[in-house]
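Here's the structure we're looking at; comments come further down.
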Amino acid sequence: MRNNMIEYGEPPVEAQQLPVDQQLISRMGITIDLCGPGQVRGHMPVDGNRQPVGILHGGANAVLAETLGSLAAFLHAGPRGSAVGIDLSCTHHRWVASGDVTGVCTPLFEGDRFASYAIEITDQWEQLTCTARLTAAITPARQGRTQ
């Protein structure tokens, strides 16, 4: 990401419309280092995203998964199109107590009206900690549409 934009060819997709301090990804420390058709990848620290018992909160995994899946759906919708998540399910396979987790999102299906994505979250040793699936409703760009 550069200047609040995610670049994937031309033109760049605007990723943030609110001030950065009002974005959930900023509050949770999520960073995106790959965002293109076919794959979106991001990272999130365990610190600051823990349950009271000291391990990574399952809801934090859900936020990371939905962030990556929503970006993938937005890319699929294209400039002037829109996408919104309508279903998210997460299965937590193992707990994480320290370090960062990495999420990788890949498409399962990308159609004209719906898209589904698989998100795999791994720990710093690349062990699978969570799998998620996001389904998004897609509204393709219409001729003359500006937003």
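The values are calculated or read from the model by the stated rules, or taken from the named source; none is laboratory data. Bear in mind that the values here come from a model prediction, so they are computed numbers and not experimental data. Reconstructed Cβ throughout: ideal geometry from the backbone, glycine too, with neighbour counts over all protein chains shown. Areas reflect the complete protein model, heavy atoms only, side chains present, ligands, DNA and RNA absent. Shrake-Rupley method; radii C 1.70, N 1.55, O 1.52, S 1.80 Å.
Could you check region 36-63 and list, in sequence order, the residues that are of a type outside the set (Val, Ile, Thr), at pLDDT 95 or above and open to solvent by less than 60 Å² (accessible area, probe 1.4 Å)?
Gly42, His43, Met44, Pro45, Asn49, Gly54, Leu56, Gly58, Gly59, Ala60, Asn61, Ala62 - these are the residues of region 36-63 that are of a type outside the set (Val, Ile, Thr), at pLDDT 95 or above and open to solvent by less than 60 Å² (accessible area, probe 1.4 Å).
I'm checking my understanding of the structure. Among residues of region 74-118 that are of a type in the set (A, V, I, L, M) and under 18 Å from Gly29 (Cα atoms), which one is farthest from the chain's Cα centre (by Cα)?
Ala97
Whether any residue in region 49-66 is touching a Pro at 6+ places or on another chain (Cβ under 6 Å) and under 23 Å from Arg27 (Cα atoms) is what I want to check.
No: region 49-66 contains no residue that is touching a Pro at 6+ places or on another chain (Cβ under 6 Å) and under 23 Å from Arg27 (Cα atoms).
Select the strands (runs of 3 or more DSSP E) contained entirely in region 64-141, then report the ones holding at least 1 residues which are surrounded by fewer than 22 Cβ atoms within 10 Å (Cβ to Cβ) and without any contact (Cβ under 8 Å) to a residue 24 or more places away in the chain.
Counting at least 1 such residues, we get 100-110, 114-122.
Across region 12-25, which residue is modelled with the lowest pLDDT among those that are assigned to a helix (DSSP H, G or I) and more than 13 Å from the chain's Cα centre (by Cα)?
Per the criteria, the residue is Val20.
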